[in-house]
Amino acid sequence: MTETAAPPAQPPASPIDRRVPVGRLRLLYRRNGRALNALVTLLLVWAFFAANNPALFLIPGYYNAFLFSVPATIIMTTALVFVVVAGEIDLAFPSVIGASGGVFMTLVLLGLPIVPAALVTLALGAAIGAGIGAIVVWGRISSLVATLGLNFFIVGIVNLLAQGRNIESRDSVGSWGYQVFTGRWDVLGLQVPNHFLMALLWTALLYIVFRHHRFGLRVQLVGDNADSARQMGINIDMVRVGAFVVSGVAAALCGVILVQTANMVWFPTSGRAYLLIALAALFVGGTPVWGGVGTIWGAFFGALTVTLIPSGAVGAGFAGFWTDFIFGLVIILTMVAHRFSGARVR
Amino acid sequence: MTADVVVELCDIVKRFGSVEALSGVSLAVRHGEVLGLLGDNGAGKSTLVKTLAGVHDPDEGEIRVRGRKVSPWTPRAARDAGIETVFQDRALAPQHSIVTNIFMGREIAGSLGFVRHARQVEEAGRLMREIGFTSKVFDPESTVGHLSGGERQGVAIARALYNRADVIVLDEPTTALSLTETQKVFRFVEAVKASGRTVVFIGHNIHHVFDIADRFFVIDRGRAAFEGQKSRFDGPEHLIALMHELAETGRADLAALRRPA
């Protein structure tokens, strides 16, 4: 026994109070690593092309065509993040792009001004998305199979209605509504079209919903562990349908933009080219296939990357035959890079 | 029906295809007690727990919370009624942070549905401190998939605690936990009981359950076999003997139960 007074008892510090503060840069990387990887990929691809032909790649005007064609891919890819993160896949969006474009043009020919016609088309896209989601969720069909079938089905309906004919409305070119979508702003020698600004706004909107809204958070939780989400009272069916609605609205917006960038001409094949491009952009953008996590800005950078490759390869002096080779190489290399930064945790 | 019953399952029948997992089970959970739910594998324990949690909506029978029938019975309805469950598999989203998991399905959000992340982080920190569950330095933003089994259990328990629920259901909470972690779970159960709330504790280890529970409910082959206050049993060995008898003969000698303690 000692006579010295024991030091006053102190409550043991909780581990949470002893935690090492995480540096801001590390926190930034932890939260946005996948998106940053996608940005680095884009910069590397650009630098590779630019190094081969610096004179061309440093002219702002070189990117005019790029900014004109990239928005549809951006809008579709960022929306697909919701579907893939929810643990599903949507292969039917190309048909929705095509169908929406046709509906939009029909409405314009019926005399509706472009902006109201576009809004009606977006509502239709949402409805088609909800229908696709309902078939997948309540029909209990794998979304891979269901949307593959639905893509053919919707394309089939479009073909039967269009009978192979284009729909044109040359009179609307140059109208106020047309300018809303395709008008350009001159920024330091670069022609920035309105529909590119729309794509930026759309991406920002989806980012906020994905990261900060209850719906976006629940999409991630459902994709990570649907059973857990259900047991915690999340209506997982509605969340999944919601993800397909996002995809449907995006496809409708793409349909509306594509006919306008084609000078108000709709082709029955409109949208079909986007299937593999948008999916490649999504995965290059750092959203993994297994669901639960993903990145909207990564998808944005992924869309820029895959759009840059075909024209960039030619601009850098490669013969056109190289395009697919470079395309494939970039996809494989970025997949390997994403493995390092974001292996799946269970 | 007595006034102190919080949740009551009445004649619950649950079928999966042609298999009848529960054939008319009635169970009353009383306010402030620790109820030990026992039964062999395949007895219907986990179906009963999932029914209590709202994961299964019974095919027949009804669920009453504080005397009022609740229908439809969903996980959301159960949580709204003040029943929180720590599932055997812990029901976590491993790719997400501790905060996101604690507020899964019940985010702190504004009227437009935008999540108040800073408040959630603050609340999560408070809960984790309250539980004192983690063994290492951690951060509410840590990914759950990087945590140990005991830490994950801590997250699941913190989630059950958040809303000051009346009834906390712990389904096999000590499975795959170390000795110290198991002790923590027991201390937690005692703390919850001391705060006047109810715990339903499901366990394989009868010694564990015996120490902690006030009352036992034993289920066998989809039916309630017997139930009784702890004072009616001589000790865990007595309860084990009864359960052996039940497993072999399909019925337990209820006369043995009446022996006063």
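Taken together, the values in this text are just the output of simple stated rules run on the coordinates, not laboratory data. Every value quoted in this text rests on a predicted model; they were computed, and no experiment measured them. Neighbour counts are summed over all protein chains in view; Cβ atoms, including those assigned to glycine, are modelled from backbone coordinates with ideal geometry.
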Which numbered condition residue B:154 fails, given (1) more than 16 Å from the chain's Cα centre (by Cα); (2) surrounded by 20 or more Cβ atoms within 10 Å (Cβ to Cβ): (1)
Can you list the helices (runs of 4 or more DSSP H) lying wholly within segment A:235-346 that have 1 or more residues being touching a Leu at 6+ places or on another chain (Cβ under 7 Å)? A:236-261, A:274-284, A:296-315
Which numbered condition in (1) closer than 30 Å to residue B:98 by Cα; (2) more than 10 Å from chain B (Cβ to nearest Cβ) is the only one that residue A:227 fails? (2)
Which one is nearest to residue A:259 (Cα to Cα), of the residues in segment A:113-172 that are in contact with an Asp or Glu (Cβ under 8 Å, 6 or more places away or on another chain), in contact (Cβ under 8 Å) with a residue 60 or more places away in the chain and of a type in the set (Val, Ile, Thr)? A:132
For segment B:215-237, the count of residues that are over 23 Å from residue B:11 (Cα atoms) and in contact with a helix residue (DSSP H, G or I) (Cβ under 8 Å, 6 or more places away or on another chain) equals 5
When you look at residue B:123, is it surrounded by 18 or more Cβ atoms within 10 Å (Cβ to Cβ), assigned to a helix (DSSP H, G or I) and within 22 Å of the chain's Cα centre (by Cα), yes or no? no
Being surrounded by 17 or more Cβ atoms within 10 Å (Cβ to Cβ) and either farther than 19 Å from residue A:275 by Cα or of a type outside the set (Gly, Ala, Ser) (or both): is that true of residue A:137 here? yes
I need the full set of residues from segment B:80-118 which are within 15 Å of residue B:143 (Cβ to Cβ) and either among the hydroxyl-bearing types (Ser, Thr, Tyr) or within 7 Å of chain A (Cβ to nearest Cβ) (or both), in order please. B:92, B:93, B:94, B:95, B:96, B:97, B:100, B:104
Being within 18 Å of residue A:75 (Cα to Cα) and within 20 Å of the chain's Cα centre (by Cα) narrows it down to one residue among A:104, A:181; which is it? A:181
Taking the condition under 15 Å from residue B:113 (Cβ atoms), out of contact with any helix residue (DSSP H, G or I) (no Cβ under 6 Å at 6 or more places or on another chain) and at the interface with chain B (Cβ under 10 Å from one of its Cβ atoms), does residue A:235 pass? yes
Which listed residue is under 18 Å from the mean Cα position of the chain (by Cα) and either within 14 Å of another protein chain (Cβ to nearest Cβ) or among the basic types (Lys, Arg) (or both), from A:213, A:195: A:213
Has segment A:187-198 got at least one residue that is part of a loop (DSSP other than H, G, I, E, B), out of contact with any Gly (no Cβ under 9 Å at 6 or more places or on another chain) and on the phi > 0 side of the Ramachandran plot? yes
